[in-house]
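Inspection log for the structure reproduced underneath, given as structure tokens.
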């Protein structure tokens, strides 16, 4: 694969390093020194220049590239890079952005800016934090349909209350669907009377809220419940997104932000979060508000120094788990060495997401399960789709392909799939399918 | 030293002139009624002549160079409500019959009509011609239309009728953008008002044909004019109580709809009923009305001196509570005779009011809802001083400035209400009249909050003519101030308004 990476910062370098062994990689950066330096660090071709221009892109042979990854620190540079690349050829374009507004625009009008896949750093980091907080028991978690739908895979331990139940007993949630059970490496399509045993791996698809509830059933010991105290320190975009995602999962976090104006904005946008306007380094305030009794503290302040200070303070006060956002990748280990439970670096998260994406698939939003036995994919039904106008029961009747529809979103709202649910053009369908039948299903939709 | 006047008063006077020259159109309706029944059309011809003369004179002052800004609009609103009431009083004086032949009484009746209050100084209804009685109804309908114009469309930026509050509500934040053009929005809102009035005529008339011959076309039109306008005049001395129970039930929904936000009604008609059904102010408004009606019904059941029967007890409780909460002022029975507990419930109901963006008067549900939520927030921040908790209505945060304005408005309303109560008591004592404190409280609330009847002599089957002339003059001013929500009138008395 011929891959062009624009931007040789931490994200770009990290992606280049993981792709270089197997692919032909060209890295473009405006800074000639940086480009020169990278040439010796990695086995890649480097070009110094403005990656948004057709001249430089032609030099990098974007016209014949399979993939263009725009990952500079500037959102607009990345969007323009992808736009230019689309006029030169048909490479798959990936853009890294900070602004969730651009992500929203891109999601609402697929193909906007000539971007095929967009990675929003702050949102991704928040998703990671929420996953670490909310679903520590899950083996695999993937968002679909712009986060409206979540797929999660859990290993059922012998102590789990779910072990020994049937699927219909375990599935107490309106918007949750059991799509697959892996037992001794074999996939079973679950039915209502299928037993769930210890050691099984269950794959569920549903609203983030129902997946969270299910996780509570599967692993009540490790999964936080609604009563758990979660405190987010710092109303940065990451702090805000974390609170928002936690609200979606029925948690009621507290968020501490020093700036009065920002605190007011956050309080307006987060109806189920208690926003407090104060300096989080004030220990008197922290103990008065019983932050020491919190189960989880997330620090998402503006600088690493502040996050370090608050994290250490929280640990000293006796908080169970402290999760810190660390801006500089070099400090991640430092944080963890001094006792912070988890340090998350937004750049690393972004680079990993883009790299994962280049490995898995470039065509659809997809998740591969259990050594590629099955895949979960999201399909958008077109006018001429064979799925459109049919009920799910009819579809299952008509083909012998093994698949289970886990969730449907229609006009940005979740529709719970039932046998008599009739699919419509424009629906996004998230389904689990046998790996051998992926192309068959994709051609039907 | 001369102070420069910085209000473009010519524009305000010009706009008032425009309204006055248009007034002959509604005046011609009772004129036609007079001709139909063979009564004297002279009272209306006189009013039309005065209206046209004043209108033309005012328009000649107009200066096309001066724009109609907020100050000019405040002045214009105050002038229009005053002068239309003056012209509206002319037919009563010109007809020269009964109590309203006196100019102060005529002005009281006209102002009570235009402000959709519904308090009357008539004593003997049978003295008056059918056309004059119809004019009382028409002027109330005009008052309802006028307040809708202020509250929802053309002048919503002045914040009269709670219009600035509507922008703080999520469901109606785009109140000015139903359509890109404000005149088009106004037409839509008026269309609903006309449509509802027409529907009321049809419903009342058909029910009249079916069950009650007294509800003829004349009465159907007369009551349709004053139910959607939540106004309350009736040509019948027994108000809606004169008609069959079925008709009384049929009036309730029209009063309730008249007090519902017309913006939300518009959305409901256009396929978005959830905006209305999920609106918290709507819940509060219906909830307050339902709770009070239940308590009053219970009180009536338990009162040994009253024996209505089950249906009538519920009907009288629902009808009279709805009539007062919506600020209409009809009555289905003389509730002056009820026990004090039930009467005090009705007194309390006077302060609630319907939804913003409707023809309702009084304080309005949204203000209470915001005030209560804000108070609850204060209880929370007393324990957690650092917590930032926006007050939310239907999920959307309310601006802190708007909350302060609402507190100020509530306080100002209560203060004016108390002052008026004191004036009524003192003036009655001066004139050697027996007015109990409760009656004075009721009369003050009902006029200032534009509801209609009160208690005692001023009850639904009584008359405000029993108060001294001086009290009635004060009431005229307070009905005027109360209807246009205090501020547009009070700003006229500040120096800053005129000079800075």
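Screening the candidates B:46, B:34 for the property of being in contact with a helix residue (DSSP H, G or I) (Cβ under 8 Å, 6 or more places away or on another chain) and surrounded by 21 or more Cβ atoms within 10 Å (Cβ to Cβ) yields one hit, B:34. All of B:85, B:94, B:89 fail the test of being surrounded by fewer than 20 Cβ atoms within 10 Å (Cβ to Cβ) and modelled with pLDDT of 85 or more, apart from B:94. Whether any residue in region A:223-230 is in contact with a strand residue (DSSP E or B) (Cβ under 9 Å, 6 or more places away or on another chain), modelled with pLDDT of 90 or more, away from chain B (no Cβ under 14 Å) and farther than 25 Å from residue A:157 by Cα is what I want to check. Within region A:223-230 (the criterion being in contact with a strand residue (DSSP E or B) (Cβ under 9 Å, 6 or more places away or on another chain), modelled with pLDDT of 90 or more, away from chain B (no Cβ under 14 Å) and farther than 25 Å from residue A:157 by Cα), the answer is yes, since at least one residue qualifies. Within region A:406-432, being within 14 Å of residue A:396 (Cβ to Cβ), over 21 Å from the mean Cα position of the chain (by Cα) and in contact (Cβ under 8 Å) with a residue 40 or more places away in the chain holds for A:417, A:423. Any residue that is part of a helix (DSSP H, G or I), surrounded by fewer than 18 Cβ atoms within 10 Å (Cβ to Cβ) and within 23 Å of the chain's Cα centre (by Cα) - is there at least one of those in region A:370-381? Checked against the condition, which is being part of a helix (DSSP H, G or I), surrounded by fewer than 18 Cβ atoms within 10 Å (Cβ to Cβ) and within 23 Å of the chain's Cα centre (by Cα), region A:370-381 yields no hits at all. Residues in region B:287-307 that are in a helix (DSSP H, G or I) and without any contact (Cβ under 8 Å) to a residue 12 or more places away in the chain were compared, and the one that is nearest to residue B:366 (Cα to Cα) is B:287.
Is it the case, given these coordinates, that residue B:393 is at pLDDT below 90, surrounded by fewer than 20 Cβ atoms within 10 Å (Cβ to Cβ) and within 26 Å of residue B:277 (Cβ to Cβ)? No; evaluated as a whole, the condition is false for this residue. The residues on offer are A:433, A:429, A:404, A:376, and the sole one that is closer than 17 Å to residue A:152 by Cα and in contact with a helix residue (DSSP H, G or I) (Cβ under 6 Å, 6 or more places away or on another chain) is A:433.
Among the residues examined, residue B:326 qualifies as touching a helix residue (DSSP H, G or I) at 6+ places or on another chain (Cβ under 7 Å) and touching a residue at least 60 places away in the same chain (Cβ under 8 Å). For region A:355-362, indicate whether the set of residues that are in a loop (DSSP other than H, G, I, E, B) and more than 14 Å from chain B (Cβ to nearest Cβ) is non-empty. Checked against the condition, which is being in a loop (DSSP other than H, G, I, E, B) and more than 14 Å from chain B (Cβ to nearest Cβ), region A:355-362 yields at least one hit.
Might you check whether a residue that is in a loop (DSSP other than H, G, I, E, B), touching a residue at least 12 places away in the same chain (Cβ under 8 Å) and within 14 Å of chain A (Cβ to nearest Cβ) occurs anywhere in region B:399-411? Checking region B:399-411: at least one residue is in a loop (DSSP other than H, G, I, E, B), touching a residue at least 12 places away in the same chain (Cβ under 8 Å) and within 14 Å of chain A (Cβ to nearest Cβ). In the condition set (1) more than 14 Å from chain B (Cβ to nearest Cβ); (2) over 26 Å from the mean Cα position of the chain (by Cα); (3) without any contact (Cβ under 8 Å) to a residue 12 or more places away in the chain, residue A:292 is compliant with all but (3). Pairing residues of region A:96-112 that are within 22 Å of residue A:67 (Cα to Cα) with residues that are part of a loop (DSSP other than H, G, I, E, B), at Cβ distances under 7 Å and at least 6 apart in sequence or on separate chains, gives A:96/A:71; A:106/A:115.
Residue by residue through region B:369-396, note down the ones that are under 17 Å from residue B:284 (Cα atoms), facing chain A (nearest Cβ under 10 Å) and part of a strand (DSSP E or B). Result: B:392, B:396.
Look at (1) within 14 Å of chain B (Cβ to nearest Cβ); (2) under 22 Å from residue A:409 (Cβ atoms) and you find that residue A:177 fails only one, number (1).
Within this structure, residue A:351 fails the test of being part of a helix (DSSP H, G or I) and within 14 Å of chain B (Cβ to nearest Cβ).
Return yes or no: is residue A:125 under 29 Å from residue A:236 (Cα atoms), part of a loop (DSSP other than H, G, I, E, B) and in contact with a strand residue (DSSP E or B) (Cβ under 7 Å, 6 or more places away or on another chain)? So residue A:125 fails the test. Residues in region A:232-260 that are closer than 13 Å to residue A:272 by Cα, surrounded by 24 or more Cβ atoms within 10 Å (Cβ to Cβ) and within 14 Å of chain B (Cβ to nearest Cβ): A:240, A:243, A:253, A:255. Quick check on my filter: what residues within region B:224-248 are in contact with a helix residue (DSSP H, G or I) (Cβ under 7 Å, 6 or more places away or on another chain), surrounded by fewer than 20 Cβ atoms within 10 Å (Cβ to Cβ) and part of a loop (DSSP other than H, G, I, E, B)? Those that are in contact with a helix residue (DSSP H, G or I) (Cβ under 7 Å, 6 or more places away or on another chain), surrounded by fewer than 20 Cβ atoms within 10 Å (Cβ to Cβ) and part of a loop (DSSP other than H, G, I, E, B): B:236, B:237, B:244. Per the conditions (1) surrounded by 23 or more Cβ atoms within 10 Å (Cβ to Cβ); (2) closer than 16 Å to residue A:129 by Cα; (3) touching a strand residue (DSSP E or B) at 6+ places or on another chain (Cβ under 8 Å), the sole criterion not satisfied by residue A:212 is (3). Within region A:387-420, the set of residues being touching a strand residue (DSSP E or B) at 6+ places or on another chain (Cβ under 6 Å) and farther than 21 Å from residue A:203 by Cα comprises A:391, A:420.
The combined condition, being buried (at least 20 other Cβ atoms within 10 Å of the Cβ), facing chain B (nearest Cβ under 9 Å), within 26 Å of residue A:211 (Cβ to Cβ) and in contact (Cβ under 8 Å) with a residue 12 or more places away in the chain, is fulfilled by residue A:266. Considering only residues that are under 11 Å from residue B:79 (Cβ atoms) and modelled with pLDDT under 85, look in region B:1-13 and name the one that is surrounded by the most Cβ atoms within 10 Å (Cβ to Cβ). Taking the candidates together, the pick is B:12. Only one entry in A:103, A:79 is in a helix (DSSP H, G or I), within 30 Å of residue A:380 (Cβ to Cβ) and touching a helix residue (DSSP H, G or I) at 6+ places or on another chain (Cβ under 6 Å), namely A:79.
Selection of region B:62-102 for residues being under 20 Å from the mean Cα position of the chain (by Cα) and outside any helix (DSSP H, G or I) yields an empty set.
The values are calculated or read from the model by the stated rules, or taken from the named source; none is laboratory data. As the structure is a computational prediction, the values presented were derived from the model and not from experiment. Counting neighbours? That spans all protein chains shown, and the Cβs are built from the backbone with ideal geometry, glycine included.
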